[in-house]
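> Okay, handing you the structure first.
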Amino acid sequence: MKISVLGAGAWGTAMAAILSARHETVLWGRDPGQCRDVSALRRNRRYLPEIELPPQLTIEPEFERALSAAELVLVATPTAALRDMLVRLAPKRKPVLWLCKGFDPQSAELPHQIAAQVLEPGSVYGALSGPSFSLEVARGLPTALTLASTDAGFSRAAARELHASRLRVYFSSDLVGVEIGGAVKNVMAIATGIADGLELGANARAALITRGLAEMTRFGVKLGGRAETFTGLTGAGDLILTCTGELSRNRRVGLSLARGRKLEEVLGELGHVAEGVHTAAAVERRALELGVDMPITASVCDVLFREVSPREAVEQLLSRDPKEETQARA
């Protein structure tokens, strides 16, 4: 299959590298200078410097040329840039998968809602998501993902094309649930990073992950996702990885905030997009509109946007009244 990956950040570069072992793959980035540098050095010095890129991977700085032969397009931009990218792709009428995990920071919409607005009627699209650090994927370490689309035939066929021994791809028709799991877990990772930064211990981390999953599921089902999706790769799997892994950007944001750093300073030094920051505001907004109780998300927003100290936010969570767990509102 001929695949074009749009977005030469860490995740786009990692996916292009691993897919090029079995498919004719082209990687495009919005900065032509960066593309030429990556092509010449066979290494993405800015976003994935640890990995030497395979010789068969084509780096293409020209957008039209990168897409000319594509049978499948993978969009690896941040969620904030997805709308503009899909607008550019709309006339091409090519099957599209997005790799980003979040809500649009302006409209608080999920990626599939944006796609429905800007792509041509009848277009085929979906999400590729799951527990995956770009560095481990690029190194060929075993990874399992879920490919979700409302077009069951497309999700099944595309998953089989992308599936390999070290990159196992399952398929799902629950696009809403898969997107929500991938987005909300980043908010929970910030919360877990705060708890770890305050040295609250492994017990507290386990409690946050567990109640974070309940919060994510409650929100996702309200938006139309299926409850069982949140026990799978794109729910519990991605949540556990992002809340515990040392490579998690969103967890690093929480760790730094707990240690007294300012958000602007943390994001400036990170060098990568931490989707959980924008997603937290969008999730809180949608949850309030829907009447869904999301105390962990609210506490993260308190720290991010309302100048509540990390320790005070945790104390507020701990002071909530006890409830029966099966009926608890996290």
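The values are calculated or read from the model by the stated rules, or taken from the named source; none is laboratory data. In this text, all values refer to a predicted model and were calculated from it rather than measured experimentally. Because the Cβ atoms are built from the backbone with ideal geometry, glycine has one as well, and the counts that use them run over all protein chains shown. For the accessible areas, the whole protein counts, side chains as well, though only heavy atoms, and no ligand, DNA or RNA atoms are used. Shrake-Rupley method; radii C 1.70, N 1.55, O 1.52, S 1.80 Å.
> What are the pairs, 6+ residues apart or on separate chains, where a residue within region 190-207 that is within 18 Å of P295 (Cβ to Cβ) has its Cβ under 8 Å from a residue that is charged (D, E, K, R) and open to solvent by less than 30 Å² (accessible area, probe 1.4 Å)?
Cβ pairs passing all conditions: I190/R251; T192/R251; G193/R251; R205/D196.
> Additional query: Tell me which of these G276 doesn't satisfy, since it passes every other one: (1) open to solvent by 10 Å² or more (accessible area, probe 1.4 Å); (2) of a type outside the set (D, E); (3) at pLDDT below 95.
(1) is the only condition that G276 fails.
> Moving on. Residues A191, A202: which one is more than 28 Å from D104 (Cα to Cα) and at pLDDT 95 or above?
Of the residues listed, the single one that is more than 28 Å from D104 (Cα to Cα) and at pLDDT 95 or above is A202.
> Take the conditions open to solvent by 40 Å² or more (accessible area, probe 1.4 Å) and under 21 Å from E275 (Cβ atoms) and apply them to L213. Does it pass?
The answer is yes for L213.
> Further question: Can you tell me how many residues in region 63-89 are open to solvent by 10 Å² or more (accessible area, probe 1.4 Å) and more than 13 Å from L27 (Cβ to Cβ)?
So the count comes out to 12.
> A follow-up question, please. Among the residues of region 9-22, count how many are under 16 Å from P55 (Cα atoms), of a type outside the set (V, I, T) and crowded, with 20+ Cβ neighbours inside 10 Å.
Residues that pass the stated criteria total 6.
> Regarding V292, is this residue in contact (Cβ under 8 Å) with a residue 40 or more places away in the chain and more than 18 Å from C243 (Cβ to Cβ)?
yes
> OK, next. Which of (1) open to solvent by less than 10 Å² (accessible area, probe 1.4 Å); (2) in a helix (DSSP H, G or I); (3) more than 26 Å from K185 (Cβ to Cβ) is the odd one out, the single condition T25 does not satisfy?
(2)
> Please indicate, with yes or no, whether at least one residue in region 237-258 is aliphatic (A, V, I, L, M) and farther than 22 Å from E199 by Cβ.
So far as region 237-258 goes, no, none of its residues is aliphatic (A, V, I, L, M) and farther than 22 Å from E199 by Cβ.
> A further question follows. Residues to consider are E307, E269, E315; find the one that is out of contact with any helix residue (DSSP H, G or I) (no Cβ under 6 Å at 6 or more places or on another chain), assigned to a loop (DSSP other than H, G, I, E, B) and either of a type in the set (D, E) or open to solvent by less than 80 Å² (accessible area, probe 1.4 Å) (or both).
Exactly one of E307, E269, E315 is out of contact with any helix residue (DSSP H, G or I) (no Cβ under 6 Å at 6 or more places or on another chain), assigned to a loop (DSSP other than H, G, I, E, B) and either of a type in the set (D, E) or open to solvent by less than 80 Å² (accessible area, probe 1.4 Å) (or both), namely E307.
> Tell me yes or no: at least one residue of region 297-309 is of a type outside the set (S, T, Y), over 15 Å from I190 (Cβ atoms) and at pLDDT below 95.
Yes, there is a match, as at least one residue in region 297-309 is of a type outside the set (S, T, Y), over 15 Å from I190 (Cβ atoms) and at pLDDT below 95.
> Within region 90-113, is even one residue part of a strand (DSSP E or B) and either open to solvent by 10 Å² or more (accessible area, probe 1.4 Å) or of a type in the set (D, E) (or both)?
No: region 90-113 contains no residue that is part of a strand (DSSP E or B) and either open to solvent by 10 Å² or more (accessible area, probe 1.4 Å) or of a type in the set (D, E) (or both).
> Additional query: Being touching a helix residue (DSSP H, G or I) at 6+ places or on another chain (Cβ under 7 Å) and either surrounded by fewer than 16 Cβ atoms within 10 Å (Cβ to Cβ) or not in a helix (DSSP H, G or I) (or both) is the filter here, so list the residues in region 149-182 that pass it.
S149, T150, L167, V169, Y170, F171, S172, S173, D174
> Further question on the same structure: In region 122-129, is there at least one residue being open to solvent by 30 Å² or more (accessible area, probe 1.4 Å), in a strand (DSSP E or B) and at pLDDT 95 or above?
yes
> Out of everything in region 37-59 that is in a loop (DSSP other than H, G, I, E, B) and open to solvent by less than 40 Å² (accessible area, probe 1.4 Å), what residue ends up being farthest from A17 (Cα to Cα)?
Looking at the filtered set, the residue picked out is I51.
> Check region 240-253 and report whether any residue there is of a type in the set (D, E, K, R), surrounded by fewer than 16 Cβ atoms within 10 Å (Cβ to Cβ) and over 23 Å from D104 (Cα atoms).
yes
> Could you please let me know if L141 is part of a loop (DSSP other than H, G, I, E, B) and surrounded by fewer than 18 Cβ atoms within 10 Å (Cβ to Cβ)?
yes
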